Structure formats: C-alpha cells, structure tokens
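Some notes on the structure that comes next.
The values are calculated or read from the model by the stated rules, or taken from the named source; none is laboratory data. Because the structure is a prediction, the values reported are computed rather than measured. Virtual Cβ from ideal backbone geometry, glycine too; neighbours counted across all protein chains shown. Ligands, DNA and RNA are excluded from the accessible area calculation, which covers all protein heavy atoms including side chains. Shrake-Rupley method; radii C 1.70, N 1.55, O 1.52, S 1.80 Å.
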Amino acid sequence: MAYHFQEQDGVLTFTIDRPERRNAINDEVMEGFKKVITYVHDHDTVRFLVITGAGNHAFCSGGDLAEFHSLTTEKQAFGMLSKMAKILYDLATLPVPTIALVNGAAVGGGCEIATACDFRLVASEAKCGFIQGTLAITSGWGGGTYLFERGLRHDRALKMLVDAKAYPAGLLYEIGWAMRVFEGDKEAALEAFIEDMRKVHPSVHKAYKEMELRKWREMELFDRVMEEVHTCAKLWESDAHHEAVNRFLSKSK
Ligand SMILES: CC[C@H](C(=O)O)C(=O)SCCNC(=O)CCNC(=O)[C@H](O)C(C)(C)COP(=O)(O)OP(=O)(O)OC[C@H]1O[C@@H](n2cnc3c(N)ncnc32)[C@H](O)[C@@H]1OP(=O)(O)O
C-alpha cells in the first residue's frame, strides 16, 4: 500500500508510504487521504491527525511526476489538481488539530500538504519549499492560499513562494513556517509537542478550530483555493512546464 494509517491513544497517524519515490502523491495516496479524513469524522476518539512520510529522506515530494506527466492539457491538469485541492481543503478544515510531522524533504505539493496542516514539526535535516516555480507552475492544491492564511509576515510568505526553492529547517523556523525543529526520533518530538494539549478536553480544541473555520467559510476560502487551482492548470499546459518535467524525468533514468 502507498499509505497506511493507525489510531493510538487518540492520535491518528497517516503515513505516505512510497519512499522509493520520496513519498510522491499518486491517485492511490489521494484515496488514502480521503479515507483518513472520513475516519476522523466517523471516530470521536481521534484527538489529533498527524501526517508524515515513510523513511528518512522525504515527507513528500509533491505530485508523482511520472504519473502526472501524462496530463498535458489545462483540462486534464485541472481534474487532478482540483481533486487534491478538495482533499487538502477537507484536511485543512478538520475539526481536530492537524500536525505535519515533517521527517524529510517537503517540496512542491508536499510543502502544500504540510502548509494545509495546523502545525509543522520539522526534522533538522529536512528542507521544504514551494518548488513548483522551477517547473513553471504555481502551487496548485491550495498550498499558496493556505500559506497566506498561516500568519507569516507577508514578505516572508511571498518570498517563500517566489523563491521556488527548498529552505533549511532553521530558516523555516525563523520565518514562522515551522513551529518546531527537532533532532532524532520523530515520534518523541510529536509526543513532546502534544503533551500539554493532551491535558485539555478535546471539545476545547474543536471550539478553537471552529473559530478559524468559521472565518474561512465567511471569506469563502475554498473559492480562493479553486482560483489557485485554475491558475496552476493554465500554467500546466505551457511548454516550459512540460520541458521542466521532462528534464527531471530524464535525469532520473
Ligand atoms: C501542485 C503540486 C504539483 C503537482 O505535481 O501536482 C507538484 O507537486 S510540482 C513538484 C513536483 N515535485 C518535484 O518536482 C520534486 C522532485 N523531486 C526532488 O526534487 C527530489 O527527488 C527530492 C528533493 C524530493 C529528494 O531528493 P533525493 O536526492 O533524496 O532523491 P532523488 O531525487 O534521487 O529521488 C529518488 C527517487 O525518487 C524519484 N522521485 C522523487 N521525487 C519524485 C516525484 N515527485 N515524482 C516521481 N518520482 C519522484 C526520483 O525520480 C528517484 O527515482 P529513481 O528511479 O531512483 O531515479
């Protein structure tokens, strides 16, 4: 399986399990995200949802370039992008705290997934960034929209997007994208992070999350996400994008 998830002591952990592809997202992983989101809604025992990657090289390397390379037109790209954008919106608007346990590189759509979570705990050796620009596209799953909602200073958020490069953990912490940088065992880092929150009744967590979700509904945030998707889909069709993907894939052969 390209993913797995399990609940233990109120913590539901979803692991992207394609380390040989640096945990790239394909259709199977997208279906897994749908299942874990449904699980959260169906199980009141879940207090936290954690997203992480298998192995120690990557959290997630974004869309699977080999699988999505076959999408050439704006319409074809929109189909895939809008599917994952809806999944990330459903993730971002879950009623429980969500934690990206960033065990390695989070680039492209992988950085978008982490940004869609409430908290980001980043391994000291991890590098993360919105590298979509190197492929002549923008973020396309909503990650740019969520980044502007995460309270980073505007110049820092915009620079992270327009640099289109992976930042080291220390800089991610300095600009406010990473809440914690950890050394060593990710599970230990997670337990330390949630220790105090565990002592608070889950109804309090849900009430605080609802304060932000209410704001997002009122500002029609999903419409802004879909504008991002349309922009990315338009750029997807460009020769510059297809040439950049071909360069990556030919390097890998
Ligand atoms: C809107 C989201 C958008 C989308 O596609 O929908 C995006 O996410 S655009 C961004 C797409 N992702 C990338 O461009 C990242 C590409 N990968 C890398 O930059 C690196 O692999 C990195 C930094 C994640 C890890 O580097 P490392 O040196 O540790 O590993 P390798 O590069 O040697 O990769 C190992 C192995 O994995 C394959 N791989 C890595 N990333 C992807 C990917 N995104 N899709 C498919 N396959 C990927 C790579 O080809 C290597 O395969 P191998 O057969 O061993 O050569």
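Details
- Those GluC sites (Glu not before Pro) in region 215-253 that DSSP places in a loop and that have at most 15 other beta carbons within 10 Å: GLU220
- Convex hull of alpha carbon positions in region 94-253: directionally averaged projected area 10.5 nm².
- Average silhouette area of region 3-185, convex hull of alpha-carbon atoms, in square nanometres: 9.6 nm²
- Count of Lys pairs (Cα-Cα under 22 Å; at least 8 positions apart or interchain) in region 3-185: 8
- Peptides 200-207, 141-148 ranked from most to least packed, by the mean per-residue count of other Cβ atoms within 10 Å: 141-148, 200-207.
- Trypsin sites (Lys or Arg not before Pro) restricted to DSSP loop in region 137-191 with at most 15 other C-beta within 10 Å: ARG150, ARG153, LYS165
- Placing unit charges on the Cβ atoms only, positive for Lys and Arg and negative for Asp and Glu, gives the chain a dipole magnitude near 360 debye about its Cα centre.
- Carbon plus sulfur fraction of accessible area for region 78-130, probe 1.4 Å, in percent: 63 percent
- Under 22 Å of direct C-alpha separation, and excluding same-chain neighbours fewer than eight residues apart, LYS199 reaches these lysines: LYS186, LYS209.
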